[in-house]
Amino acid sequence: MFFDKQFAEMQKIANQIFENPELGYKEWKTKTLVEEFLKSKNNQIELNYFSTTGIKTYLSKDKPVTMAFIAELDAVYAPTHFCADKETGAAHNCGHFTQITTALSLYAYLIETEVYKNYDFNIAFVFVPAEEYLDLDYRENLRKEGTVTYYGGKPEAMKLGVFDDIDFGICVHAIGETFDEPTIEIGCDLAGFLYKRYHFEGKATHAGFDPFSGVNAYSISTLFNVGLGLLRQQVRDDQLVRFNPIIMNSDMSTNVIPNRVTVGTDLRTKTTAYMQETAKKLDLAAEHSAAALSGSVEIETQMGYLPFVQDEYLNTFVKKAFDKNEEITGLIDDRGGIAAAGDIGDLAFLFPCIQISYGGFTGAIHGDDFRMIDDRFVLEQFPRFVSQVFEEMNGHLDTSKFYKRNYKEYEQLIESIIK
Ligand SMILES: [Zn+2]
Ligand SMILES: [Zn+2]
């Protein structure tokens, strides 16, 4: 069996990436590792590079339908994680390092056994930078200098045309729970989010001598925060609404009435329509909190990621493969959705996508103690399972069930949401 032969090498690679985490658009060491592995398995390989660290390569191009198997290259900013990079604070506590090992393992399997030649669809492997929405000052600089347009690696790749010739996508992701048996999850949707900044403006005066003619921007932000707390009663349960207002900067001293405070928050929902509706409520709360204390507010809105709706049809093949597989015994297929987000939501606007999740970890995802504990499952059984999903799809894909949209339509949608 191919995947057990590969296990030791995958374990080495997984450790190497885990111990060398890199933040989005800076995954240089990881990119080199991926490149070297791919070349070592196929000296004829053609690699296409995009944005900063992205790599795309095809196994074949001659068939009418093309799948993208997608792996995310980046780590999270988590300086207190036990294996964080001391200088950059990056840590692999979202498990992306095992997306890479799954992709590499599958590539090696397909190229060595040549089974892909029997498939009636092409496979492109796409290694994408910057899934985590963080390190935004750095990314804003990349934007200003024209290196990227989007903070997220997938929208950026979409803009660059990396996915133009793709018909459907498969992504995999670690589950942030510990299981006592090898477990996968299918059909779990993700929320989408907006990123909001409320710049409250007041008037600075002497806090002791003349607070009467000042306008306290910090008090406005407090009122706003209370308003948002009460507003939670007026948002729908079924929409997985989340907002997390924080003070973005603080330059206050006790003897001056603070005149500038910025509150930032994400706003997560299951649908873009409800995202827009709720954004209006947040904006109203900000405007009226400012007005109540005679101050003002300037509102900035940025798109985060679109909600991700898993493609039910494609997931039927995953379910079929699970039913036949005897190594993987646990299946979660009824969670519905969670309020985490990912730029797979943006990609799924273009064509049907699924994300198959897998256990084998312990600790809190994005927390300080997250790590892999079931190497055998994550590095051998799970990639083998994904190859079985490919087998299920081969010869059975009904492409009339697919949809296709282009980047222009995506761009228009984003503009309509943040206007
Ligand atoms: Zn994450
Ligand atoms: Zn992740």
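Amide H contacts under 5 Å for Val256: Ala207, restricted to partners 5 or more places along the chain or on a different chain, H placed in the peptide plane at 1.01 Å from N.
Only Lys, Arg, Asp and Glu carry charge here, each on its Cβ (+1 for the first two, -1 for the last two); on that basis the range 290-416 has a dipole of about 300 debye about its Cα centre.
Determine, for each peptide in 55-65, 314-324, the mean count of other beta carbons within 10 angstrom over its residues, then list the peptides with the highest first.
Ranked from most to least packed, the peptides come out as 314-324, 55-65.
In this structure the amide hydrogen of His173, modeled in the peptide plane, comes within under 5 Å of the amide hydrogens of Ile356, Ser357, Tyr358, none closer than 5 places in sequence on its chain. Using the average count of surrounding beta-carbon atoms within 10 Å as a protection proxy, the listed peptides 88-101, 396-409 rank, highest first, as 88-101, 396-409.
Per-residue Karplus couplings for the range 196-206, computed as 6.51 cos²θ - 1.76 cosθ + 1.60 with θ equal to phi - 60°, are listed in order as 10, 10, 10, 9, 8, 10, x, 9, 7, 9, 5 Hz, Gly and Pro entered as x. Considering only DSSP beta bridges with both partners in the chain, what is the antiparallel share in %, to the nearest 5? The answer is about 65 percent antiparallel. The angle between the Cα long axis of helix 382-393 and the longest principal axis of the Cα atoms of the chain comes to about 70 degrees, rounded to the nearest 10. For the range 192-303, a crude dipole built from +1 on the beta carbon of Lys and Arg and -1 on the beta carbon of Asp and Glu, taken about the Cα centre, is about 280 debye to the nearest 20.
Here the sum of -39500 (n - 2.57) over DSSP H runs of 4 or more residues, divided by the residues of the chain, equals -11000 deg cm²/dmol at 222 nm, to the nearest 500. Centroid-to-centroid, using Cα positions, the range 305-365 and the range 175-237 are 29 Å apart.
A dipole drawn for the chain from +1 and -1 charges on Cβ atoms has a positive end, and of Ser60, Thr301, Ala91 the residue lying farthest that way is Thr301. The residues packed around Met158, meaning those with a beta-carbon under 14 Å from its beta-carbon, carry a net charge of -2 if Lys and Arg are +1 and Asp and Glu are -1. Taking the C-alpha atoms only, the angle from helix 407-418 to the longest principal axis of the chain is near 30 degrees. Charged side chains reduced to their Cβ positions (Lys and Arg at +1, Asp and Glu at -1) give the chain a dipole of some 860 debye around its Cα centre. Taking the C-alpha atoms only, the angle from helix 96-113 to the longest principal axis of the chain is near 20 degrees. Phi angles of the range 292-302 translate, via the Karplus equation with coefficients 6.51, -1.76, 1.60 and θ = phi - 60°, into HN-Hα couplings of 4, 10, 6, x, 9, 9, 10, 10, 10, 10, 10 Hz per residue; Gly and Pro are given as x.
Cross-link check: pairs Lys31/Lys63; Lys26/Lys280; Lys154/Lys324 evaluated at a Cα-Cα cut-off of 30 Å; pairs beyond the cut-off: Lys26/Lys280; Lys154/Lys324.
No value in this document is a laboratory result; all are computed from the given coordinates. Keep in mind the model is a prediction, meaning the values are calculated, not measured. Ideal geometry is used to build each Cβ from the backbone, glycine not excepted, and the neighbour counts take in all protein chains shown.
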